[in-house]
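Student: I have a structure here, written as C-alpha cells, and I will follow up with some questions on it.
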C-alpha cells in the first residue's frame with residue numbers, strides 16, 4: 001500500500017512538472033526533483049538528465065557540510081530561475097546555472113529558488129495544518145537558502161483532494177503562480193483536468209487492490 005501511495009504522489013507531481021516544462025523556461029528551470037527515478041521521468045517526457053535527483057545539489061548550498069546537506073529536507077522539486085529573465089535558451093542574460101555553479105561563478109543575488117511541495121488531502125476539507133506542516137518541514141532549508149543570499153526563496157504548496165478535488169486557493173493559485181506563460185489558463189486547466197482524472201483512476205486501483 002505504501003508503494004502505491006508513493007506512486008500516486010509521484011504520478012501527480014510529474015503531471016505538474018510536465019506543465020511547468022511547457023513554460024518559457026522549459027527544462028532549464030529544474031535544479032532538483034524527488035518524484036521518481038531519472039529513467040522513469042525520461043519515459044514520461046521530462047528531460048532532466050542534468051538535474052539533481054533525490055539528493056540536493058551541493059552547489060545550491062555550498063556553505064553546508066555534506067552531512068547537513070544530506071540531512072536537509074527535500075521538496076518534490078526545486079525551480080531555479082534568473083531574477084530578470086526566463087528563457088528556454090541559454091543566453092548571456094539567462095546563462096546555464098549548472099555551468100556557472102561548476103565554474104564557481106554563480107551569484108545567488110541574481111537567482112530565485114522556488115520549492116514545490118505536492119500533497120493530497122481530504123476532498124471535503126483541505127487541511128490547514130497540512131499547510132503549516134509543509135512550512136515547518138522545509139523551514140530550515142528555506143533559512144539556509146536565505147542565508148546563502150538568493151534573491152528570493154519561496155515555498156509553493158499544491159493541494160489536491162485524494163479523489164481529485166481541485167481547490168481555488170490550494171490548487172489554482174499555486175499553479176498560476178508557478179506557470180509563467182501567455183497561455184497560462186489553458187495549461188492550468190489541462191493540468192487540473194489530468195490531475196483530477198489521474199486521482200480517480202488511482203483510487204479505483206487502490207480499491208481493487210484492497211479487495
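Student: If you check every pair at least six apart or on different chains, which have Cβ atoms under 9 Å apart with a residue in region 140-152 that is over 13 Å from residue 114 (Cα atoms) first and a residue that is surrounded by fewer than 15 Cβ atoms within 10 Å (Cβ to Cβ) and modelled with pLDDT under 95 second?
Tutor: 144/63; 144/68; 147/63; 148/62; 148/63; 149/107; 149/109
Student: Still on this structure: Output the number of residues of region 65-81 satisfying the condition of being in contact with a strand residue (DSSP E or B) (Cβ under 6 Å, 6 or more places away or on another chain) and either outside any loop (DSSP other than H, G, I, E, B) or exposed (fewer than 12 other Cβ atoms within 10 Å of the Cβ) (or both). Before you say what the answer is, go through the steps one by one.
Tutor: Here is the first cut: in region 65-81, the ones in contact with a strand residue (DSSP E or B) (Cβ under 6 Å, 6 or more places away or on another chain) are 75-81.
Right, trim to either outside any loop (DSSP other than H, G, I, E, B) or exposed (fewer than 12 other Cβ atoms within 10 Å of the Cβ) (or both) and you get 77-81.
The total comes to 5.
Student: Considering each residue of region 87-119, count those that are more than 13 Å from residue 145 (Cβ to Cβ), more than 17 Å from the chain's Cα centre (by Cα) and either outside any loop (DSSP other than H, G, I, E, B) or at pLDDT below 85 (or both), and give that number.
Tutor: The total comes to 20.
Student: Here is a further query. Here's a check for you: in region 132-170, which residue that is in contact with a strand residue (DSSP E or B) (Cβ under 6 Å, 6 or more places away or on another chain) and assigned to a helix (DSSP H, G or I) is surrounded by the fewest Cβ atoms within 10 Å (Cβ to Cβ)?
Tutor: Per the criteria, the residue is 146.
Student: So residue 62 fits all but one of (1) assigned to a loop (DSSP other than H, G, I, E, B); (2) modelled with pLDDT under 90; (3) closer than 24 Å to residue 137 by Cβ; what number is the exception?
Tutor: If we test residue 62 against (1) assigned to a loop (DSSP other than H, G, I, E, B); (2) modelled with pLDDT under 90; (3) closer than 24 Å to residue 137 by Cβ, just (2) comes out false.
Table: residues versus (1) within 25 Å of residue 99 (Cβ to Cβ); (2) in contact with a helix residue (DSSP H, G or I) (Cβ under 9 Å, 6 or more places away or on another chain); (3) at pLDDT 75 or above.
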residue	(1), (2), (3)
3	no, no, no
7	no, yes, no
21	yes, yes, no
27	yes, yes, no
44	no, yes, no
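The values are calculated or read from the model by the stated rules, or taken from the named source; none is laboratory data. These numbers were taken from a predicted model, which means no experiment stands behind them. Ideal geometry is used to build each Cβ from the backbone, glycine not excepted, and the neighbour counts take in all protein chains shown.
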